[in-house]
1. Does any residue of segment 120-143 turn out to be in a loop (DSSP other than H, G, I, E, B) and among the acidic types (Asp, Glu)?
2. Quick one: is Asp89 under 20 Å from the mean Cα position of the chain (by Cα), assigned to a helix (DSSP H, G or I) and acidic (Asp, Glu)?
3. Among (1) within 21 Å of Ala28 (Cα to Cα); (2) not assigned by TED's automatic domain parsing to the domain that holds Gln4, where does Val80 come up short?
4. Can you tell me which condition Arg133 does not meet? The list is (1) farther than 25 Å from Ala24 by Cβ; (2) modelled with pLDDT of 95 or more; (3) charged (D, E, K, R), and all the others hold.
5. Find the residue count for segment 139-174, including only residues that are surrounded by 14 or more Cβ atoms within 10 Å (Cβ to Cβ), aliphatic (A, V, I, L, M) and more than 21 Å from Glu222 (Cβ to Cβ).
6. Hey, among Val69, Val79, Val98, which residue is over 17 Å from the mean Cα position of the chain (by Cα) and among the hydrophobic types (A, V, I, L, M, F, W, C)?
7. Taking Leu184 as the residue in question, decide whether it is part of a helix (DSSP H, G or I), crowded, with 16+ Cβ neighbours inside 10 Å and over 11 Å from the mean Cα position of the chain (by Cα).
8. Kindly list the number of the only condition in (1) modelled with pLDDT of 95 or more; (2) surrounded by fewer than 15 Cβ atoms within 10 Å (Cβ to Cβ) that fails for Trp47.
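The values are calculated or read from the model by the stated rules, or taken from the named source; none is laboratory data. Just so we're clear, the structure is a prediction, and the values are computed from it rather than from any experiment. Here the Cβ positions follow ideal geometry from the backbone for every residue, glycine too, while neighbour counts run over all protein chains shown.
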Amino acid sequence: MSIQACADLVARADPRRFRAAMAAPVPARDILLPLYAFNVEVSRAPWVTEEPMIAEMRLQWWRDALEEVAEGRGRRHDVVDALAFLDADGAATLDRLVAARRWDIYKDPFEDAGHFDDYLRATGAGLMQVAARALGHDGDVTALGYAAALARFLVAVPDLEARGRVPMVDGRAEAVAAMAQGALGAMPRRMPGPAGFEAAGARAILSLAARDPMAVAEGRLEGAPIAERWALMKAALFGRV
């Protein structure tokens, strides 16, 4: 039941990752869906209240839960119970993800480009790395995870600005284009198995941002559903991103 609860949560809150998980072999879904459900819970925790202290407490709850999972204990919570497969390294990586999400609580901008990169590596890339390791892939997926996280972040820029946040360290068109181009150049062509399926469509988003950086601020980055599904099909059938 905890896996089904995770699937229902991801389907509602993160349909792109849900489609990626459903494109994976059935056994892999028992890993991907709990991780994506965990990510939903953590990523929305800073936004459900205007009180920073309450948001901090919500994130701390997840950090405490991960510590218990690493120790072989649980919390009678569907998502936490479904994460029982995590080892200590996986729990530590997800703990860094939760810690990075503290940026979402406050309206302060990123300190510098390094802070921004660390945020994307800890969140999107960290989640993909845990999924890859849990599914038996020992390679480094940081470049692919970073590119996928950057694509998602750039799509979210207009919403973040509407919420009073300062998402970009350097919002000049040439700086945005260079950032997208840099992530594109580092993206591998091969998928690290099903853990990488969530990156399907990221190349098209980053290519548009590199070619037309004003599309970021104007909210024109979200790709057509058919194009995303084709990218996901290519990833699932040929292992190409």
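1. Yes, segment 120-143 has at least one match.
2. yes
3. In the conditions (1) within 21 Å of Ala28 (Cα to Cα); (2) not assigned by TED's automatic domain parsing to the domain that holds Gln4, Val80 misses (2) alone.
4. (1)
5. 3
6. Criteria check complete, one pass: Val69.
7. yes
8. (1)
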